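Here is the structure we will look at, set down as structure tokens.
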Amino acid sequence: MSEKQWQQEVVDYGKAHGWLVHSTPVQQGGDNGFPDLVLARAGVVLLVELKSATGVLSKAQRKWWAASGYL
């Protein structure tokens, strides 16, 4: 499954289970590497980076995950 297909699956699942879902391309002034999706429900906010079986984090993505405490 491609990352695009997987992302659509996650978006559909999230919406079906009451999550607010947002996907944002890099905006002017924003930092590269921002996660693919933001999901929020009942006081919980998830930053979601999706990768295919062969996908790897870019340097910019690693900076986001390090800043958020995941790496």
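Report, in deg cm²/dmol and to the nearest 500, the calculated mean residue ellipticity at 222 nm for the chain, where each DSSP H run with n ≥ 4 adds -39500 (n - 2.57) and the sum is divided by the residue count.
One gets -10000 deg cm²/dmol as the mean residue ellipticity at 222 nm.
Checking (i) 11.8, 31; (ii) 12.6, 33; (iii) 12.6, 35 against Rg and Dmax of the Cα atoms in Å calculated from these atoms, the matching label is (ii).
Compare GLY18, GLY29, GLY55 in a GNM of the chain, Cα atoms joined below 10 Å, and give the one with the largest fluctuation. With Cα springs under 10 Å in the chain, the top fluctuation among GLY18, GLY29, GLY55 is at GLY29. Rolling a 1.4 Å probe across all protein chains gives GLU3 an accessible area of roughly 70 Å².
With the simple model of a label 7 Å out from the Cα in the direction of the Cβ, HIS22 to TRP65 spans 2.3 nm.
LYS15 contributes about 130 Å² of solvent-accessible surface, heavy atoms of the protein only, 1.4 Å probe. Angle of helix 3-16 to the longest C-alpha principal axis of the chain, folded into 0 to 90 degrees and rounded to 10: 40°. Largest to smallest in accessible area, the residues ARG41, ARG62 fall in the order ARG62, ARG41 (1.4 Å probe, all protein chains included). Label zone of LYS4 (point 7 Å out along Cα→Cβ, amide N under 17 Å): in region 15-53 this covers 23-26, 36-37, 50-53. Solvent-accessible surface (1.4 Å probe) assigned to ASP12 amounts to roughly 80 Å².
Under a Gaussian network description of the chain, with springs only between Cα atoms under 10 Å, the residue in VAL48, VAL56, VAL21 that fluctuates furthest is VAL56.
The values are calculated or read from the model by the stated rules, or taken from the named source; none is laboratory data. Bear in mind the structure is a predicted one, so any value in this text is a computation, not a measurement. Positions of Cβ are generated from backbone atoms using ideal geometry, with glycine treated the same way; all protein chains shown enter the neighbour counts. Protein only, heavy atoms only, side chains kept; ligands, DNA and RNA dropped before computing areas. Shrake-Rupley method; radii C 1.70, N 1.55, O 1.52, S 1.80 Å.
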